[in-house]
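The values are calculated or read from the model by the stated rules, or taken from the named source; none is laboratory data. Computed from a prediction, not measured in an experiment: that's the story for all the values here. Note: ideal-geometry Cβ built from the backbone for every residue, glycine included; neighbour counts use all protein chains shown. Surface accessibility is based on the protein's heavy atoms, side chains included, excluding ligands, DNA and RNA. Shrake-Rupley method; radii C 1.70, N 1.55, O 1.52, S 1.80 Å.
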Amino acid sequence: MGDRVQEILSWYGSDNAGTKTNIARMLRSGKLAGTGKLVILPVDQGFEHGPARSFAPNAPGYNPHYHFQLAIDAGCNAYAAPLGFLEAGAGHFAGQIPLILKLNNHDVLHDDKDPLPSVTGSVKDALRLGCSAVGFTVYPGSVHCNAMYEQLRAIAEEAKENGLAVVVWSYPRGSALSKEGETAIDVVAYAAHIAAQLGAHIIKVKLPTAHLEQAAAKKVYEATQIPIKTLAERVQHVVQSSFDGRRIVIFSGGAKSEDKNVFEEAKAIRDGGGFGSIIGRNSFQRPKAEAITFLHTIMDIYAGKIR
Amino acid sequence: MGDRVQEILSWYGSDNAGTKTNIARMLRSGKLAGTGKLVILPVDQGFEHGPARSFAPNAPGYNPHYHFQLAIDAGCNAYAAPLGFLEAGAGHFAGQIPLILKLNNHDVLHDDKDPLPSVTGSVKDALRLGCSAVGFTVYPGSVHCNAMYEQLRAIAEEAKENGLAVVVWSYPRGSALSKEGETAIDVVAYAAHIAAQLGAHIIKVKLPTAHLEQAAAKKVYEATQIPIKTLAERVQHVVQSSFDGRRIVIFSGGAKSEDKNVFEEAKAIRDGGGFGSIIGRNSFQRPKAEAITFLHTIMDIYAGKIR
Amino acid sequence: MGDRVQEILSWYGSDNAGTKTNIARMLRSGKLAGTGKLVILPVDQGFEHGPARSFAPNAPGYNPHYHFQLAIDAGCNAYAAPLGFLEAGAGHFAGQIPLILKLNNHDVLHDDKDPLPSVTGSVKDALRLGCSAVGFTVYPGSVHCNAMYEQLRAIAEEAKENGLAVVVWSYPRGSALSKEGETAIDVVAYAAHIAAQLGAHIIKVKLPTAHLEQAAAKKVYEATQIPIKTLAERVQHVVQSSFDGRRIVIFSGGAKSEDKNVFEEAKAIRDGGGFGSIIGRNSFQRPKAEAITFLHTIMDIYAGKIR
Amino acid sequence: MGDRVQEILSWYGSDNAGTKTNIARMLRSGKLAGTGKLVILPVDQGFEHGPARSFAPNAPGYNPHYHFQLAIDAGCNAYAAPLGFLEAGAGHFAGQIPLILKLNNHDVLHDDKDPLPSVTGSVKDALRLGCSAVGFTVYPGSVHCNAMYEQLRAIAEEAKENGLAVVVWSYPRGSALSKEGETAIDVVAYAAHIAAQLGAHIIKVKLPTAHLEQAAAKKVYEATQIPIKTLAERVQHVVQSSFDGRRIVIFSGGAKSEDKNVFEEAKAIRDGGGFGSIIGRNSFQRPKAEAITFLHTIMDIYAGKIR
Amino acid sequence: MGDRVQEILSWYGSDNAGTKTNIARMLRSGKLAGTGKLVILPVDQGFEHGPARSFAPNAPGYNPHYHFQLAIDAGCNAYAAPLGFLEAGAGHFAGQIPLILKLNNHDVLHDDKDPLPSVTGSVKDALRLGCSAVGFTVYPGSVHCNAMYEQLRAIAEEAKENGLAVVVWSYPRGSALSKEGETAIDVVAYAAHIAAQLGAHIIKVKLPTAHLEQAAAKKVYEATQIPIKTLAERVQHVVQSSFDGRRIVIFSGGAKSEDKNVFEEAKAIRDGGGFGSIIGRNSFQRPKAEAITFLHTIMDIYAGKIR
């Protein structure tokens, strides 16, 4: 099994031993350790949507310790959260699971068509909290994308110097894109490619639809007959767009939906060559035991135990 | 009694001994020492509203020494003020009461719907003045919230490195919120949560009303039947939203009002699990002896001597 | 006489010995040495209004040495000017009079309702030129007040670290104030208070009128019957608003006017507890001998030799 | 042959040995080694236009290793790409070909008439990846040109201190220029000159047309009868405008076009005294063997083997 | 002759030996060495107006070496140019003539009524290129004047620390000034004064007309009867406005014009007490031999050999 991890690490030939170690830590943790697949628990919804919308459906989630324990008990590869949530448990759970410090966040107390999240933590914070990686969101398509790309540039440089891995959430959004365009296959593949070019080790995107947003791209997709009809095909195209599979690409679960759908999506991610899922609300907004069963099913799909 | 302080300190497991020491200093000072409850005297109204509006009702308040002495004589846990006011007395009263240097301030000589306070002091100032903590105001909902969050991020990082505590005033305000929405329960709980995620050790918010401002939140509050009818329930929800009670949350007294009301509010804060009050104008805008009696009553409420 | 200087220095208990030494240097220089009163010569009008408007009325004033010599010969406590003017004489007149380097300046070759001066010198410049203090102008009420307050914050921190004193010109101005409001008593007192809160050692404001600008303030002035009818009363209120007299507040002479008026104003400043004057155009825009007689009369008023 | 390289290096008399070494490395690599001519492979189209538009026509191009190998096998002088693409292969292909790290990039998920690319890498990145040069794009004519020039200034200073060469892509664009004006001879010559004045060692511009955009320039071109009728004449004028030929100027191939045209252009570049080509899409969007033949033809044109 | 240089140096009493040495280097170079007069060759027009408009009239000027040699052969006191032009010859001509690195530049590929040049070089560049001074342009009257003044402040501080001289081009321009006002005597005198206050050692302005632009200034010019009728009188007023002649003020030649006019202007500059000329296009846009004769005539005027 270790061979797959070694193979993945070989793609990161420009990184120092520290960063490779931290990528390996995530790949060798939890139920999927060694498979090259990842299931990560992210909990930044309190900041992004507010505490009640996030935690009222399963009130123990107000407590930051809950999510550490859930990620550990479910055998996730890593747990990702903003500064406050990690500060509240990183000492208590030290060494039990790889941590990802989410370094920028956005709230919905004000509206903005072209969002620019606030930088809310630092690489130094990640180091003092014992994290394996920093996480950063960019919104390609936003008029503020320059600011985000340049913040990420500086953070990634500092993180790599300090032996951390860099996880980039790449979510197209902004006044130049239609709502449907935010998950269009051409746009999602482009967003994944940008994240890879910006130096991300791990890229997180939304699952793409078969919609084609940009006219110039559409012409090429049709002329070169890129297969994008099935979800697995689209996952494969996103993975291909991320340096032909030489970068780890995982997919987000999005809003809470029926388990059946989530499992189907996981199968498509697996079959398309995706590296796994990052699943927040579908995990922590239900009772813990139920959440663990749910996550184990997904992990079994990725491990190939469920076909 | 010390056990409660130890318990509270255990929530701050990512902080260094210096910061824990300074949190403990505030929790072990004054009449409420060791109870885990806090009553803090803040005097930044001279900057925020002008000297006459602040001090003419009780003219000795023009003198910065007055407030140090009032906080000491009343047995407050800490005294919070801007740079000039602290510089004018920190040497004279050295070691007599924990100090909080308010690092940003705003005046009303010009209007702005979406306020952005000026940064008026530094962590180095707090250190040279012997402070236990820095204080910082954020206005979630302001179009300038990014600037404030990022200023706070840098200040909090430097403060924590230097063993200081971080107190965040989190006051929703801005063009996206209705006037009523600024104290709506969903908004205040969200603002407290944001402060916690930004790494605050102590959070100060306004007492919330039962109003629900944001449609997406309202739906959840109603669906999950979060109890918000009484003030105590609302305090409890705010405390829950601040990492399930694992962060110190205190409430502001607001403009001068009838004592009876303030006492009722203190009881609700206590009964809802709040950690205390920060009381400015209701304290220093009346004769000193009267102010001390008033503050002692509130402290007795928190200590449980008055039910 | 030295006792009064010691008393004044005691108000600056948070400052290091270097800063106290430099405050003392100004208080112990010139004809008013030791009285606790100050008359300062400022010459930044060349930058602010242009050379001809400033110096044509008394052409020797084009020469930067002229003003050093005038300030020395008249027995002023200090001489304040921008970088160029000080560079042009600081070596030649080294040690003959305390110098204040004016660190920001504004010209009138372009209009702006909400002015933001340029920072034109540094604390390092002040140190290399042997200055006792830095001077900085803020315009409370300007939409740019944040920028000015934050520039001042950084400059004051650096100045204090390096043992310099900080002199703040606090001139309300900006689109939110009426022309009359710029010298309204409520506004001037507020501006003086803001300068004190920002950490100024010496505050310079304009002489206030009895006008009340802001509605919320007006209500309090009337309700608490703050005496503001005579100029001496208004000076007293400004001094009170500056930490109850625990900060040095001096008043500007403004445009050239009849000597009789200036002397009456000086008496009012003295009787209201003000600490002195800063007198530019009324001094250097007349022949030197005449200017010295004029300044000596004002000093005699402050010294109490003229009642 | 080495003499030509020595001659070129003599133009860079203000550069340190490190920078000269890196310029020499590019001039002494590949099939054109020692001729003083350059053919560079740039692959930033994935970022600039999206992955499918760039790589779908020749799918192996999704893999970052493909381009390293293509540049090596074709005998290019250097390979230029953004951070991610270089990180993905710099270790694997270490020392096989000089690398140019493209330090700013722009995507088309949002529109902007006056583009400002994001800075996406650093001089330190270039050093840790073993690059010989940094690349930077400026858009003279953009309202953001100040930002780009000043970013370049800082990057060039740091690059030169660290012994790297500086390659500047100078592409006129912005609301003040007509579409036709972007490649007008007066504008392209001006853009090349600006790059030279900004300290570029190697300048890349588009092939100019005979159009004259700016009225004041047109007058001079006509009065002094600058020959601009043939492409070779225009190339010569651009080279002359780049310090009379004392800076290396290369020309971009632009969008994919017929080979015949590209060869004609290469001949004109050669005959006009240009230093070579930078050819992206015309190379990597066709099968590798075909691309190598194509590039070899161009190199033979520059080497004078094909007239 | 050396006495005049010593006298001039005595005006710069706040500068270190390094800066004085570099001022002296310029005053002791070329045909006017020791006279206290200066003729400087500036060549930044390639950047400011484009290469063809600048160099097509005399094509050898495309070559950066040409201007070094011209300045040396003509016996100029110094040669001033942007980064690229100096880098291209500073090594080759090392020590043959004092150099001034022009640190900001502006091009005309885009329009702006209120120009803000780009900073295109650094003090460190000037040091590594062996320069005697840095040059910087400010546009008083521009809405961007704050930015320029503050850039200059930082550059001048660093230059002086490192023993360089500071040359300021002060050109009034911007939406608040009429076209005629840009060279009005009140405005030019004001601009020279601002440059002096900002710490310039050498000030360059345009020759002023008798126009009076600003109403408030006009009143004073008329009331105090400042003589401004002849060009010599106006030069004298500008010199007086520059610290009563205690700063070196030189005048620009402007666009190419008839030699006779230029010589008359030089006489007026001399007779008004000006310190010399900075002559670009009138020098390098004609054949070299002719240019040398032309410059020698001007130098002879300044040396008093031609009356």
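Computed values, structure above
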{"item": "Simple Cβ-charge dipole of the protein assembly as shown, Lys/Arg +1 and Asp/Glu -1, about Cα centre, in debye nearest 20", "result": "1340"}
{"item": "Size of electric dipole in segment D:3-302: Cβ of Lys, Arg +1 and of Asp, Glu -1, about Cα centre, debye, nearest 20", "result": "420"}
{"item": "Choice from E:VAL43, E:VAL220, E:VAL188 showing the highest fluctuation, given a GNM over chain E with Cα pairs closer than 10 Å", "result": "E:VAL220"}
{"item": "B:ILE248 long-range amide H proximity, modeled H, under 5 Å", "result": "B:ILE203"}
{"item": "Segment C:3-302, accessible area per residue, ligands and nucleic acids excluded (1.4 Å, Å²)", "result": "30"}
{"item": "Estimated buried accessible area (total), pair B and A, 1.4 Å, Å² to nearest 100", "result": "3200"}
{"item": "Position B:GLU222, label points 7 Å along Cα→Cβ, spacing to each other copy in nm (shortest first, one decimal)", "result": "4.6, 4.6, 7.4, 7.4"}
{"item": "Nearest-to-axis residue of chain E, judged by beta-carbon position, where the axis maps E onto C, in Å", "result": "E:ALA147, 10"}
{"item": "Antiparallel bridge percentage (DSSP; both residues within the protein assembly as shown; nearest 5)", "result": "5"}
{"item": "Cβ-vector label at 7 Å, A:LEU9, separations to other copies in nm", "result": "4.1, 4.1, 6.6, 6.6"}
{"item": "Reachable aspartates and glutamates from C:LYS260, criterion Cα separation under 17 angstrom, eight or more residues apart if same chain", "result": "C:ASP271, C:GLU290, C:ASP300"}
{"item": "Vicinal HN-Hα couplings computed from phi for segment B:29-42 (Karplus, 6.51 cos²θ - 1.76 cosθ + 1.60; Hz; Gly/Pro x)", "result": "9, x, 5, 9, 3, x, 7, x, 9, 9, 10, 10, 9, x"}
{"item": "Cα-Cα over 19 Å, subset of E:LYS31/E:LYS305; C:LYS256/E:LYS219; A:LYS113/A:LYS204; C:LYS124/C:LYS160; B:LYS37/B:LYS206; D:LYS37/D:LYS305", "result": "A:LYS113/A:LYS204"}
{"item": "Neighbouring partner chain Cβ atoms per residue of E:37-46, average, 10 Å criterion", "result": "1"}
{"item": "For D:PHE263, inter-copy label distances in nm, listed shortest first [label point 7 Å out on the Cα-Cβ vector]", "result": "6.2, 6.2, 10.1, 10.1"}
{"item": "Size of charge dipole - segment E:155-290 - debye, nearest 20, with Cβ of Lys, Arg +1 and Asp, Glu -1, no other charges", "result": "220"}
{"item": "Amide H partners (placed H, <5 Å) of C:ASN104, local residues excluded", "result": "C:THR120, C:THR137"}
{"item": "Most fluctuating residue given options D:LEU129, D:LEU41, D:LEU152, as computed from a GNM of chain D linking Cα atoms under 10 Å", "result": "D:LEU129"}
{"item": "Fraction of beta bridges assigned by DSSP in chain E that are antiparallel (%, nearest 5)", "result": "5"}
{"item": "In sequence order, calculated HN-Hα J values of segment C:291-302 (Karplus, 6.51, -1.76, 1.60; Hz; x Gly/Pro)", "result": "5, 5, 4, 4, 5, 5, 4, 5, 4, 5, 4, 5"}
{"item": "Residue-averaged 222 nm ellipticity for the protein assembly as shown, from DSSP H runs of 4+ at -39500 (n - 2.57), nearest 500", "result": "-12500 deg cm²/dmol"}
{"item": "Sulfur and carbon atoms: percent of accessible area, segment D:3-302 [1.4 Å]", "result": "49"}
{"item": "Drop in accessible area of at least 10 Å² in the complex versus isolated chain, residues of segment C:229-251, 1.4 Å probe", "result": "C:HIS237, C:GLN240, C:SER241, C:PHE243, C:ASP244, C:ARG246, C:ARG247"}
{"item": "Placed amide H near D:HIS211: partners under 5 Å, 5+ positions off or other chain", "result": "D:ILE185"}
{"item": "Convex hull of chain B built on C-alpha atoms - directionally averaged projected area, nm²", "result": "14.5"}
{"item": "Karplus-derived 3J(HN,Hα), 6.51/-1.76/1.60, for each residue of segment B:181-195, Hz, glycine and proline x", "result": "x, 4, 10, 5, 4, 5, 6, 5, 4, 5, 4, 5, 4, 4, 4"}
{"item": "Qualifying GluC sites (Glu not before Pro) for segment C:235-299 [loop in DSSP, other Cβ within 10 Å: at most 15]", "result": "C:GLU258"}
{"item": "Residue of A:GLY18, A:GLY135, A:GLY273 that the Gaussian network model of chain A assigns the largest fluctuation, springs spanning Cα pairs under 10 Å", "result": "A:GLY18"}
